[in-house]
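See below for the structure under consideration.
The values are calculated or read from the model by the stated rules, or taken from the named source; none is laboratory data. Quantities reported herein were computed from a predicted structural model and do not represent experimental measurements. With ideal geometry, Cβ positions are generated from the backbone for all residues, glycine too; neighbour counts draw on all protein chains shown. Note: areas computed on protein heavy atoms with side chains; ligands, DNA, RNA excluded. Shrake-Rupley method; radii C 1.70, N 1.55, O 1.52, S 1.80 Å.
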Amino acid sequence: MAIIPLPDIAFRSVKYRLQAPAQVNRSAWTGARQVMGLPGPTRLSLTAEHVPIRGEERMLAWRAFFARLSGQVHTFRIPVTERAQIDAEITAVVAAVPSASSITITVGPADFRTTNRRLLRAGQIITVADQPLILAADLMTGGAGGVTATADFRPLLRRSPTIGAPVVLHRPTALVALDSDVSEWGVDPGQLYSFSIEASEAF
């Protein structure tokens, strides 16, 4: 599968859905339930509505994008935040993977390495190995000179990232594929084009 770049990210509205399947058994006698969370299959899906595009010339890149996707065959990366979360100069890589719900990261450059500096707030998102992860606690620097930070998150990692793999803090993305094999767009008088994208994480 190829990863096809988005022509732009001019979406006027996005609806996110986080699906976390579980097996639920409920007693017919007492109504009590037993729940077992299923490891691994949690995934993010979204519906993104693009701003109207006026003029066929400006729509050509999107037509080519849909054609190159070949329906659900290929994938693309799409931002999962409304704006940049942090200074683009701050970088991070995986230093250790203590559990499926946390990683230790090394932060750079040296100018930003101060102990007890909050990089991101709980509820913000990072991307590791193309998986968007929602922080369960503030991402704080620590260690000698504030070189490292521990990210606690949900959902759980689907696979353990390699040491040294990049951690996206600035503008996290999800690797997704279309939910349907049909790509659709509309055009109104005056060559006013409209379309939306429905996609889910591809892994």
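Taking interchain pairs and intrachain pairs at least six residues apart, which have beta carbon atoms under 9 angstrom, with the first residue in the range 104-118 and under 22 Å from PHE153 (Cα atoms) and at pLDDT 90 or above and the second among the small types (Gly, Ala, Ser) and in a helix (DSSP H, G or I)?
Pairs found: VAL107/GLY146.
Checking VAL187 against (1) buried (at least 16 other Cβ atoms within 10 Å of the Cβ); (2) in contact with a Phe, Trp or Tyr (Cβ under 7 Å, 6 or more places away or on another chain): exactly one of these is not met. Which one?
Of the numbered conditions (1) buried (at least 16 other Cβ atoms within 10 Å of the Cβ); (2) in contact with a Phe, Trp or Tyr (Cβ under 7 Å, 6 or more places away or on another chain), the odd one out for VAL187 is (1).
Determine, yes or no, whether ALA202 is of a type in the set (A, V, I, L, M), out of contact with any Ser or Thr (no Cβ under 9 Å at 6 or more places or on another chain) and either crowded, with 17+ Cβ neighbours inside 10 Å or free of Cβ contacts under 8 Å to residues at least 40 places away in the same chain (or both). Spell out how you get there, then give the answer.
Numbers: of a type in the set (A, V, I, L, M): yes; out of contact with any Ser or Thr (no Cβ under 9 Å at 6 or more places or on another chain): no; either crowded, with 17+ Cβ neighbours inside 10 Å or free of Cβ contacts under 8 Å to residues at least 40 places away in the same chain (or both): yes.
The answer is no for ALA202.
Within the range 1-32, restricting attention to residues that are in contact (Cβ under 8 Å) with a residue 40 or more places away in the chain, part of a loop (DSSP other than H, G, I, E, B) and among the β-branched types (Val, Ile, Thr), which residue is most open to solvent (accessible area, probe 1.4 Å)?
ILE9
Take the range 158-182 and flag every residue that is of a type in the set (Ser, Thr, Tyr), in a loop (DSSP other than H, G, I, E, B) and modelled with pLDDT of 95 or more.
Result: THR162, SER180.
Give the residues of the range 187-203 that are acidic (Asp, Glu) and farther than 12 Å from GLU56 by Cα, sorted by residue number.
GLU198, GLU201 - these are the residues of the range 187-203 that are acidic (Asp, Glu) and farther than 12 Å from GLU56 by Cα.
Considering every residue within the range 35-57, establish whether at least one is open to solvent by 40 Å² or more (accessible area, probe 1.4 Å), without any contact (Cβ under 8 Å) to a residue 40 or more places away in the chain, among the hydrophobic types (A, V, I, L, M, F, W, C) and part of a loop (DSSP other than H, G, I, E, B).
Checked against the condition, which is being open to solvent by 40 Å² or more (accessible area, probe 1.4 Å), without any contact (Cβ under 8 Å) to a residue 40 or more places away in the chain, among the hydrophobic types (A, V, I, L, M, F, W, C) and part of a loop (DSSP other than H, G, I, E, B), the range 35-57 yields at least one hit.
Which residue, of ALA92, ALA149, ALA144, ALA136, is modelled with pLDDT under 95 and surrounded by fewer than 17 Cβ atoms within 10 Å (Cβ to Cβ)?
ALA144
Filter the range 68-87 down to the residues that are open to solvent by 70 Å² or more (accessible area, probe 1.4 Å) and modelled with pLDDT of 95 or more and list them by number.
The first filter runs over the range 68-87 and keeps only residues open to solvent by 70 Å² or more (accessible area, probe 1.4 Å), leaving 68, 72-73, 77, 82-83, 87.
Result: ARG68, GLN72, VAL73, ARG77.
Let me spell it out: the conditions are (1) part of a strand (DSSP E or B); (2) closer than 14 Å to VAL97 by Cα, and TYR193 meets all of them except one. Which number is the exception?
All conditions pass for TYR193, except number (2).
What number of residues in the range 15-37 are small (Gly, Ala, Ser), more than 30 Å from VAL80 (Cα to Cα) and out of contact with any Lys or Arg (no Cβ under 8 Å at 6 or more places or on another chain)?
Residues in the range 15-37 being small (Gly, Ala, Ser), more than 30 Å from VAL80 (Cα to Cα) and out of contact with any Lys or Arg (no Cβ under 8 Å at 6 or more places or on another chain): 2 in total.
How many of the residues making up the range 112-141 are of a type in the set (Val, Ile, Thr), part of a strand (DSSP E or B) and over 22 Å from SER160 (Cβ atoms)?
Residues of the range 112-141 that are of a type in the set (Val, Ile, Thr), as a first pass: 114-115, 125-128, 134, 141.
Narrowing the set further to residues that are part of a strand (DSSP E or B) leaves 125-128, 134, 141.
Checking the rest, the ones that are also over 22 Å from SER160 (Cβ atoms) come to 141.
Going through the range 112-141 one residue at a time, the tally reaches 1.
Scanning for something under 21 Å from SER180 (Cβ atoms) and of a type in the set (Phe, Trp, Tyr), does the range 13-27 turn up at least one residue?
So far as the range 13-27 goes, yes, one or more of its residues are under 21 Å from SER180 (Cβ atoms) and of a type in the set (Phe, Trp, Tyr).
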